[in-house]
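To keep things clear, I will list the structure first and then write my remarks on it.
The values are calculated or read from the model by the stated rules, or taken from the named source; none is laboratory data. Just so it is clear, the structure is predicted and the values come from calculations on it, not from any experiment. Cβ coordinates were reconstructed from backbone atoms using ideal geometry, including for glycine residues, and neighbour counts include every protein chain displayed.
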């Protein structure tokens with residue numbers, strides 16, 4: 001038999017069932033298969049339900065988030081002093097907002113508290129010599145005033161107090177870079193390896209208050225005031 005003749009209809013390939021595939025340039029998502037442990041699986045399912053997403057959408061969202069955040073985290077922790085500074089700011093931000101909420105501060109006063117906290121952190125971490133800004137007048141740490149609860153202080157004092165406590169806690173409990181001793185030298189934490197000291201102007205000694213120690217102690221606890229000779 002000779003070769004079988006076919007017409008054009010027979011030569012046309014059969015149509016594929018379903019939606020036609022998109023060109024590679026137009027494909028927006030690709031399937032990815034991977035395994036997770038039970039705990040992570042439960043977290044993803046819970047988060048997807050809370051955010052009203054499918055599990056696949058939740059996984060995609062988290063991967064996109066990690067891709068954006070991880071470079072930032074790596075930059076923040078590129079060296080010890082940078083990591084310490086960001087940790088101090090993060091803790092201070094959290095504490096100031098907690099105290100501000102308890103004190104019923106409005107938005108403006110809350111920002112005043114945060115600004116004073118960041119100013120104090122900046123004074124310590126970026127000290128270049130000379131005097132450091134004094135604490136607010138009603139700061140709880142002032143020895144010549146009655147101790148006050150943080151939420152009863154002014155917004156500026158709330159910020160200053162929160163920042164001071166965080167930095168003190170970091171220096172005591174965490175492995176922090178040694179902050180300058182605020183005497184006559186700074187260390188090249190930001191421009192070098194933290195091993196070279198540079199001479200700077202020392203901090204001026206505070207001026208005497210002109211008040212006796214007895215007057216200060218009497219203010220701290222009036223019940224301890226000694227009776228005068230006239231009242232004896």
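Here are the numbers for this structure:
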{"quantity": "Residue list for the range 55-82, restricted to those being surrounded by 14 or more Cβ atoms within 10 Å (Cβ to Cβ) and at pLDDT 80 or above", "calculated": "58, 59, 60, 61, 62, 81, 82"}
{"quantity": "Check on residue 163, closer than 24 Å to residue 84 by Cα, at pLDDT 75 or above and not in a helix (DSSP H, G or I)", "calculated": "no"}
{"quantity": "Boolean, residue 48 is touching a helix residue (DSSP H, G or I) at 6+ places or on another chain (Cβ under 6 Å), modelled with pLDDT of 85 or more and either surrounded by 11 or more Cβ atoms within 10 Å (Cβ to Cβ) or part of a loop (DSSP other than H, G, I, E, B) (or both)", "calculated": "yes"}
{"quantity": "Those residues of the range 166-188 which are modelled with pLDDT under 80 and assigned to a loop (DSSP other than H, G, I, E, B), in sequence order", "calculated": "174, 175, 176, 177, 178, 179, 180, 181, 182, 183, 184"}
{"quantity": "Cβ pairs under 7 Å, 6+ apart, first in the range 122-142 and under 18 Å from residue 155 (Cβ atoms), second modelled with pLDDT under 75 and not in a loop (DSSP other than H, G, I, E, B)", "calculated": "140/150"}
{"quantity": "Check on residue 85, under 12 Å from the mean Cα position of the chain (by Cα) and either closer than 24 Å to residue 188 by Cα or in the same structural domain as residue 149 (by TED's automatic domain parsing) (or both)", "calculated": "yes"}
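To keep it simple, each residue is scored yes or no on (1) within 18 Å of residue 165 (Cα to Cα); (2) surrounded by 17 or more Cβ atoms within 10 Å (Cβ to Cβ); (3) in contact with a helix residue (DSSP H, G or I) (Cβ under 8 Å, 6 or more places away or on another chain); (4) at pLDDT 90 or above.
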| site | (1), (2), (3), (4) |
| --- | --- |
| 84 | yes, yes, yes, no |
| 93 | yes, no, yes, yes |
| 100 | yes, yes, yes, yes |
| 104 | no, no, no, yes |
| 108 | no, no, no, yes |
| 131 | no, no, no, no |
